[in-house]
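The values are calculated or read from the model by the stated rules, or taken from the named source; none is laboratory data. Predicted, not measured: the structure shown is a model, and the values here were computed from it. Heads up, the Cβs are rebuilt from the backbone with ideal geometry, glycines too, and the neighbour counts pull from every protein chain shown. For accessibility, only protein heavy atoms count, side chains too; no ligands or nucleic acids. Shrake-Rupley method; radii C 1.70, N 1.55, O 1.52, S 1.80 Å.
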Amino acid sequence: MIIVLKSKATQEDIQILVSKIKEYGIDVQITIGKETSILGLIGDTSVIDKERFACYKGVDKIMTVQEPFKKSNRKFHPENSVYDIAGVKVGGKKIVVMAGPCSVESNDQIIDIAKKIKASGASFLRGGAFKPRTSPYAFQGLELEGLKMLREAKQATGLPIVSELVSTRYLDQFVDCVDIIQIGARNMQNFELLKEIGHTRKPIFLKRGLSSTIEEWLMASEYIMAGGNEKVILCERGIRTYETYTRNTLDLSAIPVLKRLTHLPVMVDPSHATGLSWAVEALSKAAIAAGADGLMIEVHNDPANAKSDGAQSITPENFDSIMKKLGKYAELEEREI
Ligand code: PEP
Ligand code: MN
């Protein structure tokens with residue numbers, strides 16, 4: 001439920017209203033705008049008698065929000081959310097690029113890739129230390145050792161780091177070590193994990209579930225935000241459809257839909273979306289044209305021998321050439337990269 005205030009509502013009117021609402025155990029998010037100010041009511045608003053509250057001084061109108069997501073809803077927060085993460089603004093004018101190998105494989109590998117992607121303009125180094133693989137017999141990642149290597153690559157290059165957390169068991173180490181915690185597609189609806197990271201203050205990179213609807217995805221972000229952690233970045237990484245030529249089907253339409261529904265930054269992962277290294281460039285351009293705030297691209301120094309996702313990984317040289325081309329697309333959208 002949203003209460004739109006009259007432009008001449010006073011601080012006192014607002015305070016009286018807010019304390020009355022809070023008596024019902026409902027949280028209130030106050031947004032003071034230049035022209036319109038609004039109160040976002042979060043909780044079970046069925047106990048609120050709309051007609052009675054419409055009589056309060058300073059109230060212009062009361063609207064019921066249909067969507068079940070509240071904290072991520074643009075209606076409560078009309079401006080785009082922009083986070084400063086280790087000095088990088090995510091969700092702002094600059095299209096943020098995260099790049100790196102699917103799996104961290106060795107110190108030399110990750111430092112070499114980190115240096116190269118930084119020189120090409122990436123803002124974050126992303127590498128997997130814990131890999132949620134379909135087969136239990138496939139490479140599962142270097143785990144805590146991999147996390148240490150990522151930290152060393154950060155020290156060597158100054159690039160902030162992103163890595164996927166798969167279990168609450170390692171939450172403390174992730175909070176200590178990484179700049180952004182990634183929650184992968186397979187864990188998008190691991191509600192216990194979402195609740196735990198919601199109690200941290202680490203920015204979260206929340207990938208879309210394998211077959212999740214946009215609403216389910218936003219409700220997953222709500223689990224994190226309800227715990228008080230409001231720095232959530234959404235990442236469209238393709239969904240499962242009947243098409244098998246590509247690994248997944250990149251849902252480009254999710255980008256403008258999300259930009260309309262939510263204030264959270266929206267990024268796109270063209271690598272997992274297609275599973276094809278040669279398709280990364282085209283879909284990166286398309287993502288920018290559709291309004292994405294950033295890209296997550298898998299880059300490997302030796303894709304043919306990568307321990308995971310080699311077929312979709314581009315080389316640092318290819319990444320450099322793509323980054324140069326993307327500048328023009330960003331400009332068309334009045335953005336930079
Ligand atoms: C990944 O980012 O390496 C990954 C496993 O992606 P997803 O969770 O989107 O499959
Ligand atoms: Mn991968």
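Tabulated data for the structure shown
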quantity: Angle between the chain longest axis and helix 316-332 axis [Cα atoms, degrees, rounded to 10]; calculated: 30 degrees
quantity: Per DSSP, loop trypsin sites (Lys or Arg not before Pro) in segment 5-108 with at most 14 further Cβ within 10 Å; calculated: 6, 8, 34, 57, 93
quantity: Normalised per residue, the volume of the convex hull around the Cα set of the chain (Å³); calculated: 140 Å³
quantity: Dipole magnitude of the chain, debye to nearest 20 (Cβ charges: Lys/Arg +1, Asp/Glu -1, about Cα centre); calculated: 500 debye
quantity: Average accessible area per residue (Å²) across segment 83-332 - probe 1.4 Å, nucleic acids and ligands excluded; calculated: 39 Å²
quantity: Carbon/sulfur fraction of accessible area - segment 1-150, other protein chains in place, 1.4 Å, %; calculated: 50 percent
quantity: Of all DSSP beta bridges in the chain, antiparallel share, percent nearest 5; calculated: 40 percent
quantity: Relative contact order of segment 204-285, defined on C-alpha pairs under 8 angstrom at six or more residues apart (%); calculated: 28 percent
quantity: Pairwise label distance in nanometres, residue 151 with residue 210, each label 7 Å out on the Cα-Cβ vector; calculated: 3.3 nm
quantity: Exceeding the 25 Å Cα-Cα cut-off - candidates 71/154; 154/328; 131/285; 118/285; 148/328; 8/94; calculated: 71/154; 154/328; 131/285; 148/328; 8/94
quantity: Apportionment of accessible area to carbon and sulfur, segment 168-314, percent (1.4 Å); calculated: 50 percent
quantity: Relative contact order, percent, segment 2-63 [alpha-carbon distance under 8 Å, six or more residues apart]; calculated: 50 percent
quantity: The chain: calculated mean residue ellipticity at 222 nm from DSSP helix runs of at least 4, using -39500 (n - 2.57); calculated: -10000 deg cm²/dmol
quantity: Note, ³J(HN,Hα) from phi for segment 288-298, Karplus 6.51, -1.76, 1.60, rounded to Hz, x at Gly and Pro; calculated: 5, 4, 7, x, 5, 8, x, 10, 10, 10, 7
quantity: Within segment 224-238: backbone nitrogen closer than 18 Å to the residue 195 label point (7 Å, Cα to C-beta); calculated: 224-230
quantity: Over segment 43-195, volume per residue of the alpha carbon convex hull, in Å³; calculated: 165 Å³
quantity: Equivalent ellipsoid dimensions for segment 2-63 as semi-axes, Å, which come from the Cα gyration tensor, largest first; calculated: 17, 12, 11
quantity: Normalised contact order of the chain, rounded percent, pairs of Cα under 8 Å and 6 or more residues apart; calculated: 16 percent
quantity: Degrees between helix 144-157 axis and first principal axis of the chain (Cα, 0 to 90, nearest 10); calculated: 90 degrees
